[in-house]
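Below is one structure; the comments refer to it alone.
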Amino acid sequence: MTGIVLFAIALVCLFLGYSVAFTFAGVSLIVGTIVLGADLFAFMPYRIMSIMENTILMAVPMFIFMGIVLQKTGLAERLLESAAKLFGGIAGGVAISTIVVGALLAASTGVVGASVVAMGVISLPVMLKNNYHQPTATGVICASGTLGQIIPPSIILIILGDVMGVPVGDLFRAAALPGMLLVAAYIIYILILGKIKPEFVPPLVVTENKRELLVQALKDIVPPLVLILTVLGSIFAGIATPTESASIGAVGAVILSILYGTFSFSKMHEVSKETVKVTSMVFAVLIGATAFSMVFSYSGSEYLIEEFFMELPGGKWTFIALAMLAILILGFFIDFIEIAFLVVPILLPVAIALDVNLVWFAILISMNLQTSFLTPPFGFSLFYLKGVAPKYLKTITIYKGVIPFILIQIMVLLLVLFFPEKLIIS
């Protein structure tokens, strides 16, 4: 009963708009003190110290730093502009370039908000100026921006690896094929749309010489691509841990900004402040969620949850279905970080008891959260884009635009659900 009260009060406070980190910590402190006594929180310093000493979580600020450097120094903008001109001559070319660059940004930032905002500022005006169908243009940006949830080095995969006790490298390898399949499905959809409704995704008029375009595109695309492949390749090959690779990525992004002539100490100061803000938010939520999970666990609620799921007919498939539904619905209202720290620890003991493959379960959670980012009316990506879109672009237009991409995501999620042996690299 204590766990239900704790969870309900926390959700109500989140829906009312209170700070996530302080909601978790405050509700846990009040309920825990009343029900279990203040002595329970004598363990908190040890838990906080274990977070501070966690080498896996050290990768989070470095990957965030790497992505913000690419965004703030204009490297992401160059990448998108070159790709748009390269693919622009075919129907849907700008949309395809947005998807490709969205995948590359996902592999360099792992942060959904940064990708959606960057492409909303750079790519959306180009598509609208070129008379793209407005819902399609907005849908492409929202969908490609959320690829950061599944394509390594996704921040959510790093957090899930820590919460679930699964090697992050294993999660990165497992996410590679589903991520590429999703990118391919998006591109195929745009190509088909270009054949059926060419007026929705008209080709871009390119006046530059094709050879010059190719040379410029190689200059803008290849170096960031090499950096991303180096970072991920070192993890997949077992040469470096995700934390070590994150440090390579951070330094590599700075070196690229120097080579492109966009480096400045004022920009690095801005990047560092932004990194500290995002990282502080993540770790503040983690500390609050640690207090929450401690009270939830010591109240005996996790055993009640486990007993409830174990008694349901259908075994692990019923559990998977209910877990995915709960995460999808919660994803409309609260961020992926809160879900990872709040909901996953509750579901984890049940998954272990039912002998669910944790790597597969983590990939399903990640893809499910990606879908919830897009789903109206509360998908976070929709509001990220609305914040930078022209004022005449209505919210309902964005809602219409994401529907085909939600269906594509559900299709890929079902493929991962039913054919894990073919799509999950162990």
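The values are calculated or read from the model by the stated rules, or taken from the named source; none is laboratory data. Just so it is clear, the model here is predicted, and its values are computed rather than measured. Please note: Cβ atoms are built from the backbone with ideal geometry, for glycine as well, and neighbour counts cover all protein chains shown. Areas reflect the complete protein model, heavy atoms only, side chains present, ligands, DNA and RNA absent. Shrake-Rupley method; radii C 1.70, N 1.55, O 1.52, S 1.80 Å.
Numerical summary
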{"quantity": "Selection from the stretch 317-335 of residues that are open to solvent by less than 20 Å² (accessible area, probe 1.4 Å) and of a type outside the set (A, V, I, L, M)", "calculated": "319, 331"}
{"quantity": "Leading residue by the ranking (farthest from residue 57 (Cα to Cα)) among those in the stretch 214-269 that are touching a residue at least 40 places away in the same chain (Cβ under 8 Å) and of a type in the set (Phe, Trp, Tyr)", "calculated": "260"}
{"quantity": "Complete set of residues in the stretch 336-357 that are crowded, with 24+ Cβ neighbours inside 10 Å and of a type in the set (Gly, Ala, Ser)", "calculated": "340"}
{"quantity": "Residue that is modelled with the lowest pLDDT [pool: residues in the stretch 194-221 that are open to solvent by 80 Å² or more (accessible area, probe 1.4 Å) and of a type in the set (Asp, Glu)]", "calculated": "212"}
{"quantity": "Residue match in the stretch 316-335 (condition: more than 21 Å from residue 189 (Cβ to Cβ), of a type in the set (Lys, Arg) and in contact (Cβ under 8 Å) with a residue 24 or more places away in the chain)", "calculated": "yes"}
{"quantity": "The stretch 108-139, subset small (Gly, Ala, Ser) and over 22 Å from residue 336 (Cα atoms), residue modelled with the lowest pLDDT", "calculated": "123"}
{"quantity": "Qualifying positions in the stretch 177-193 - open to solvent by 20 Å² or more (accessible area, probe 1.4 Å) and under 17 Å from residue 233 (Cβ atoms)", "calculated": "177, 180"}
{"quantity": "Helices (runs of 4 or more DSSP H) completely within the stretch 350-426 that count 2 or more residues being in contact with a helix residue (DSSP H, G or I) (Cβ under 8 Å, 6 or more places away or on another chain), over 25 Å from residue 320 (Cα atoms) and modelled with pLDDT of 85 or more", "calculated": "395-418"}
{"quantity": "Those residues of the stretch 122-153 which are assigned to a loop (DSSP other than H, G, I, E, B) and out of contact with any helix residue (DSSP H, G or I) (no Cβ under 6 Å at 6 or more places or on another chain), in sequence order", "calculated": "130, 131, 132, 133"}
{"quantity": "Residue selected from the stretch 223-237 under the condition farther than 14 Å from residue 152 by Cβ and open to solvent by 60 Å² or more (accessible area, probe 1.4 Å), by the criterion nearest to the chain's Cα centre (by Cα)", "calculated": "225"}
{"quantity": "Long-range neighbours under 8 Å by Cβ, at least six apart or interchain, first residue in contact (Cβ under 8 Å) with a residue 24 or more places away in the chain within the stretch 397-425, second among the β-branched types (Val, Ile, Thr) and assigned to a loop (DSSP other than H, G, I, E, B)", "calculated": "402/375; 406/375; 416/424"}
{"quantity": "Cβ pairs under 6 Å, 6+ apart, first in the stretch 13-42 and farther than 14 Å from residue 296 by Cβ, second in a helix (DSSP H, G or I) and among the hydroxyl-bearing types (Ser, Thr, Tyr)", "calculated": "13/23; 14/23"}
{"quantity": "Of all residues making up the stretch 12-26, the number that are assigned to a helix (DSSP H, G or I) and either exposed (fewer than 15 other Cβ atoms within 10 Å of the Cβ) or at pLDDT 85 or above (or both)", "calculated": "4"}
{"quantity": "Some residue of the stretch 358-375 being surrounded by fewer than 21 Cβ atoms within 10 Å (Cβ to Cβ) and free of Cβ contacts under 8 Å to residues at least 24 places away in the same chain", "calculated": "no"}
{"quantity": "Looking only at the stretch 1-11, and only at residues there that are surrounded by fewer than 18 Cβ atoms within 10 Å (Cβ to Cβ) and β-branched (Val, Ile, Thr), the one that is modelled with the lowest pLDDT", "calculated": "4"}
{"quantity": "Residue check for residue 177: in contact with a Leu (Cβ under 7 Å, 6 or more places away or on another chain), at pLDDT 80 or above and assigned to a helix (DSSP H, G or I)", "calculated": "yes"}
{"quantity": "Segments classed as helices (runs of 4 or more DSSP H), wholly inside the stretch 32-94, with at least 3 members that are open to solvent by 60 Å² or more (accessible area, probe 1.4 Å)", "calculated": "44-52, 75-87"}
{"quantity": "Any chance residue 148 is more than 26 Å from the chain's Cα centre (by Cα) and buried (at least 18 other Cβ atoms within 10 Å of the Cβ)", "calculated": "no"}
{"quantity": "Every residue from the stretch 225-240 that is of a type outside the set (Val, Ile, Thr) and either in a helix (DSSP H, G or I) or touching a His at 6+ places or on another chain (Cβ under 8 Å) (or both)", "calculated": "225, 227, 229, 232, 233, 234, 236"}
